[in-house]
Structures are given as C-alpha cells and as structure tokens.
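Chemist: I am attaching a structure below and will ask some questions about it afterwards.
The values are calculated or read from the model by the stated rules, or taken from the named source; none is laboratory data. Note that the structure is predicted; figures quoted are calculated from it, not measured. With ideal geometry, Cβ positions are generated from the backbone for all residues, glycine too; neighbour counts draw on all protein chains shown.
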Amino acid sequence: MSDWVLAPDVLARARFAVSTSAETLAALGLLRRGSPPPWLAGWYARHAAAYQMTMATRPLWAAIVAEGFGPRWVADCLTAAPERVGDLVEELAGVRALSDEQVRADLRQTHGRDRLPEVLETTTGLGDAVADLMQWTWDTTLAEEWPRRRHVLEADVVSRTAALASGGWSAALEGMGRAYLGEGRVRISGHQLPPKHLGSGATLSFHPVSSPTSSVLWHLPAQRYAIVYQASGMGIVAEAVAPQALHRLLGSNRARILGLLAEPASTTQLAALIGLPVGSVGNHLTVLREAGLVGRRRSGRSVLYRRTQAGDALVASAAGGPP
C-alpha cells in the first residue's frame with residue numbers, strides 16, 4: 001500500500017480549498033479520455049469537438065497531453081501543487097517557472113521513455129506551453145460555468161470542514177478514496193510503494209473537483225502536497241432551477257431545496273449552495289420530509305437527503321413532465 005506519514009504540524013495546518021488549476025487539470029483529463037459522467041455529459045458534448053480540433057492544430061500541446069497523462073499517473077509538470085489557490089494565472093505561476101529540462105524529465109518519467117517526440121525535445125519555453133494549455137482549457141471550457149461549479153465545490157469544502165470538526169480526519173476523508181489510519185498516516189492508494197514522509201516543512205491541501213478523478217499533486221522544492229478528489233453531490237451541478245409552480249406551492253427556499261435533491265446532499269452542502277443558515281435548511285428539510293417529498297439516509301457520519309418518488313413526481317408535474 002502507498003501511505004503518506006505526516007508530521008503532526010502538517011496535519012494541523014492541512015486544509016480543504018477550491019483550486020482552479022486542479023479543476024482545470026481534471027477537465028483536461030476528461031476531454032482527453034472521453035466517457036464523461038452523467039453530470040458532465042452536456043459539458044463534454046459542447047467542448048469535445050473544439051478540444052479535438054485544437055489538439056489537431058497544436059502539435060506541441062497534443063504531445064504534452066499524450067506524454068503527460070500516463071497509465072498510472074500524470075506528469076509532475078501538469079500537477080504542480082500551487083502556492084496559493086484562487087486565480088488560475090496565480091496558480092499556474094509555478095508551472096511557468098519550470099525549466100525545459102524539468103518539464104522533459106517529468107514527461108519522460110510518465111511513460112518511462114528515454115526520448116520524447118521531437119517537438120518536445122527541440123522546443124523551448126515548455127513551462128509556458130504547459131501553462132498556456134491549461135489556460136486555454138480554462139478559458140474555453142470552464143470559465144463561463146465556473147460560478148455554478150464553484151458553488152458545488154465550496155459546498156463540499158464546507159461539508160468536509162464540518163466533518164473534520166465533528167469527527168476528525170477519518171470523517172473528513174470519508175468517501176474520498178483515501179483513509180486516515182491514525183498517528184498521522186494517510187492511505188493514498190493501493191500501489192505497493194514505500195511510505196512517503198512529509199516533514200514539518202511540508203504543507204498539505206485537499207481540493208475537490210467536478211470530474212470523477214483522484215490524484216495527488218506536489219511541488220517538491222517547496223514541499224507542497226495536495227490531494228485531489230471528486231466532490232460529493234456532483235449531480236447537483238446539472239440540476240435545473242425548480243419550476244416556478246413549485247415556488248408558489250412550497251415557497252422559494254423549499255422549492256430550491258427540493259429541486260436540488262435529485263442527487264443526495266447533506267444539510268451543510270445545501271446551505272452552502274443556496275446561501276441559507278444550516279438551521280434554516282434543516283427546518284425546511286424537516287417539513288419536506290414530513291410531507292413525504294424527501295427521504296434521508298446515513299452515510300458514515302453524514303446524513304444525506306434525497307427526493308422520494310413523490311418528490312420526483314411533484315417536480316416533474318410542476319415542470320410539465322410525466323407524473
């Protein structure tokens with residue numbers, strides 16, 4: 001198994017945060033491999049042709065993608081953990097600073113090659129080329145819908161931060177594909193690798209993304225590490241606004257909550273998504289549950305809510321669909 005062993009102060013400083021570069025890398029990987037999940041099928045259909053045309057006309061970028069995504073991991077030059085999260089330009093500053101030889105070394109390692117395609121061996125400014133590819137992915141496929149995605153990702157951050165406060169790291173990492181084993185030890189993957197020790201000078205962050213992916217990022221000179229995982233409740237990102245008839249029947253906030261619950265979500269996630277206090281959302285959920293429109297189930301330490309068949313039928317009927 002592959003474990004990270006964290007110094008106590010590393011774990012104490014670790015945090016959950018939304019990263020634009022992590023979301024962009026996940027989007028680029030999905031455009032490359034296809035087979036999008038249901039909640040991103042529409043997004044993929046809108047952007048796949050532009051991506052394929054761009055790769056056909058930009059041989060340097062096509063080579064970076066072909067060599068950078070390997071069968072077991074992604075090249076370090078594509079996954080450099082940012083110093084600060086926020087604006088993509090700022091997050092990509094570390095990528096732009098990479099030397100040509102460092103980028104080539106990272107790309108060679110991904111597939112275990114001694115030599116890369118000629119365009120990568122002879123081109124200079126490779127750090128900028130990698131960052132430009134990421135920036136194109138963001139500008140072309142993500143920027144317009146980022147506010148909606150960000151709400152879902154921020155809801156996951158709020159939910160996991162609350163889980164950390166109430167149940168510790170075991171609860172915070174639940175459903176992430178990682179496991180906290182105690183005494184600062186985190187199970188990263190099932191690969192048979194020696195434990196990696198993160199000393200007191202290291203930093204660790206956790207970044208939710210929209211795509212079904214799981215990866216680790218690092219920037220070794222600065223000892224920055226990050227874990228990327230699929231945010232929970234991603235089906236919410238594709239949900240339409242609740243029909244106006246539901247707003248008149250249930251009231252605005254209950255209609256919005258019911259509209260979102262085609263996919264399971266926690267009270268904390270819903271509160272972050274619609275901008276209401278957790279207590280208010282809980283009260284609305286109680287009313288909806290007593291009316292038989294919403295059910296709940298426990299998932300580990302979390303309680304997830306979802307529309308019942310009656311709730312689905314009410315939403316469909318209000319939208320003019322089949323009962």
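Chemist: Among the residues that make up segment 281-301, is at least one of them of a type outside the set (Asp, Glu), under 24 Å from the mean Cα position of the chain (by Cα), assigned to a loop (DSSP other than H, G, I, E, B) and modelled with pLDDT under 80?
Modeler: Yes, that holds for at least one residue.
Chemist: So, in segment 1-32, exactly how many residues are part of a helix (DSSP H, G or I), charged (D, E, K, R) and out of contact with any helix residue (DSSP H, G or I) (no Cβ under 7 Å at 6 or more places or on another chain)?
Modeler: The total comes to 2.
Chemist: Output the residue which, of all residues in segment 47-63 that are farther than 24 Å from Leu116 by Cα and touching a residue at least 40 places away in the same chain (Cβ under 8 Å), is surrounded by the most Cβ atoms within 10 Å (Cβ to Cβ).
Modeler: Filtering first and then ranking leaves His47.
Chemist: Another one. Just wondering, is there one or more residues in segment 157-175 that are of a type in the set (S, T, N, Q) and outside any helix (DSSP H, G or I)?
Modeler: no
Chemist: Among (1) out of contact with any strand residue (DSSP E or B) (no Cβ under 7 Å at 6 or more places or on another chain); (2) under 21 Å from Glu23 (Cβ atoms); (3) surrounded by fewer than 16 Cβ atoms within 10 Å (Cβ to Cβ), there is one condition Glu83 misses while meeting the rest; what is its number?
Modeler: In the conditions (1) out of contact with any strand residue (DSSP E or B) (no Cβ under 7 Å at 6 or more places or on another chain); (2) under 21 Å from Glu23 (Cβ atoms); (3) surrounded by fewer than 16 Cβ atoms within 10 Å (Cβ to Cβ), Glu83 misses (1) alone.
Chemist: Mind checking whether some residue in segment 33-42 is closer than 26 Å to Asp156 by Cβ, part of a helix (DSSP H, G or I) and of a type in the set (Gly, Ala, Ser)?
Modeler: Yes, some residue in segment 33-42 is closer than 26 Å to Asp156 by Cβ, part of a helix (DSSP H, G or I) and of a type in the set (Gly, Ala, Ser).
Chemist: Right, another one. Being more than 30 Å from Gln269 (Cα to Cα) and modelled with pLDDT of 90 or more is true for just one of Val89, Val119. Which residue is that?
Modeler: It is Val119.
Chemist: If you don't mind, another one. Please verify whether segment 3-22 includes one or more residues that are farther than 23 Å from Leu220 by Cα, modelled with pLDDT of 90 or more and not small (Gly, Ala, Ser).
Modeler: No, segment 3-22 contains no residue that is farther than 23 Å from Leu220 by Cα, modelled with pLDDT of 90 or more and not small (Gly, Ala, Ser).
Chemist: Then there is this: Could you please find all residues in segment 249-269 being assigned to a helix (DSSP H, G or I) and within 18 Å of Asp312 (Cα to Cα)?
Modeler: Leu249, Leu250, Ser252, Asn253, Arg254, Ala255, Arg256, Ile257, Leu258, Gly259, Leu260, listed by residue number.
Chemist: Hey, Arg72 hits all of (1) closer than 22 Å to Arg33 by Cβ; (2) at pLDDT 90 or above; (3) not in a helix (DSSP H, G or I) but one; which does it fall short on?
Modeler: It fails just one condition, (2).
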